[in-house]
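Below: one structure, written as structure tokens.
Read the figures in this text as sums done on the coordinates, not as results from a lab. Owing to the predicted nature of the structure, the values given are computational and were not obtained by experimental measurement. Positions of Cβ are generated from backbone atoms using ideal geometry, with glycine treated the same way; all protein chains shown enter the neighbour counts.
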Amino acid sequence: MPVVSMRALGCLVVFGYTLVITSADVLIKMIAQSYPAAQLFGVACLVVAGLSILSALFGTREGTQGVAAQLRTRYVRFMVLRCVLGLLGAFGFYHGFRLLPLAEMFLFIGLIPLGVAVLSGPVLREPVRATAWIALAAGSLGVMCLFLDGRSALGVGHAAAFAACATTALSLVLARWMTQREGGCLAQVFWPNLGGGLAMLAILPFVAVPIGLTDFMWICLYGAAMFVARWLCMVALTLLPAYVATPLMNIQFVWMLIVGAVLFGDAVSVGVVLGGVLVVLSGLVLVAGTMPATEKVRAATA
């Protein structure tokens, strides 16, 4: 396929990813108003785990042995740690989406790749570029813009969102460490979701509330949307360089502003818009710092 066609297809995939992940965010915000975290993620995580098995089954001709090979890991302790981090992150995202407007949640979600870039130094022993620190500073300033107009105050939702993004960043770095040594990208999706789903089911009897079939289907749809979003993200990164795909994914901020205002009546303050711009710019700074030198020359001469 010509390079131009691959780039165009990659852009369409990224566009689809932003729509799917925004839809998932809308679903979690809706469901979190009525049902506890264990009820939401207990079902959704097991849906993702089940779809991971189906994906492995369709991706191999060796039957159950091929599925087991795709889901196997040699680093059991690290995978357990990822399961714990995923569980903590799930509770953080639950309370963040329940208590905060969608656009404000984006400001914290936008910090995840910045946290990954900085944590890669001590965990992966990779050199941390100066641009990563600059991007993290710009993104942090973007979050602080929430409080410029004096109408916002640090609350449980903000603390939960920050904790969720911090644990997610560390989990992603650990996933990268393991895949660098054994591959197994599908295992990195399957085990944390299976572990999180089973842990939530253990809690569920103590917090469950009656649920109708329609709401149960919405929760299943949320799990399916998360699986599709992760799959589209992987496809996008095979069609586009990361420094092209990552900035395009920030289109999600626009969708979250629009959907938040239309569906949930979220007020769009100057601080939120300014913060979103800074977070998007921080992502551009980060990917510019990782762009290969040859591509930088092409960009400068284009």
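In nm, what is the difference between 0.36 nm times the number of residues separating Leu221 and Cys233 and their Cα-Cα distance?
2.5 nm
Taking +1 at the Cβ of each Lys and Arg and -1 at the Cβ of each Asp and Glu, which of Tyr17, Met144, Leu274 sits farthest along the dipole of the chain towards its positive end, judged by Cα position relative to the Cα centre?
Tyr17
Using label points projected 7 Å from each Cα along Cα→Cβ, tell me how many nm separate Ala130 and Leu154, to one decimal.
With each label placed 7 Å out from Cα toward Cβ, I get 3.0 nm.
I need Ile251, Ile109 ordered by Cβ neighbour count within 10 Å, fewest first.
Ile251, Ile109
Under unit Cβ charges (Lys, Arg +1; Asp, Glu -1), what dipole magnitude, rounded to 20 debye, does the chain have relative to its Cα centre?
I would put it at about 700 debye.
Pop out the ³J(HN,Hα) list for segment 266-271 in order, Karplus 6.51 cos²θ - 1.76 cosθ + 1.60 with θ = phi - 60°, rounded to Hz; leave Gly and Pro as x.
Using θ = phi - 60°, the values come out as 5, 6, 9, 8, 4, x Hz.
In nm, give the distance between the simple-model label positions of Ile203 and Cys185, each being 7 Å from the Cα along the Cα-to-Cβ direction.
Rounded to a tenth, the inter-label distance reads 3.0 nm.
Among 56-64, 271-279, what's the highest-first ranking by average C-beta atoms within 10 angstrom per residue?
271-279, 56-64
Which of the peptides 209-219, 194-204 is most tightly packed, and how do the rest follow, judged by the mean count of other Cβ atoms within 10 Å per residue?
Highest mean packing first, the order is 194-204, 209-219.
How much length would be gained if the chain were fully extended between Arg61 and Ile211, taking 0.36 nm per residue of separation minus their Cα-Cα distance, in nm to one decimal?
On the way: separation 150, 0.36 × 150 = 54.00 nm, distance 3.92 nm.
Contour length minus the Cα-Cα distance gives 50.1 nm.
Given a Förster radius of 51 Å and the C-beta distance between Leu263 and Ser5 as r, what FRET efficiency does 1/(1 + (r/R0)^6) yield to the nearest 0.05?
Efficiency computed from Cβ-Cβ geometry: 0.90.
Taking the Cα atoms of the chain alone, what are Rg (to one decimal) and Dmax (as a whole number) in Å?
Using the Cα atoms of the chain, the pair Rg, Dmax is 19.4, 62 Å.
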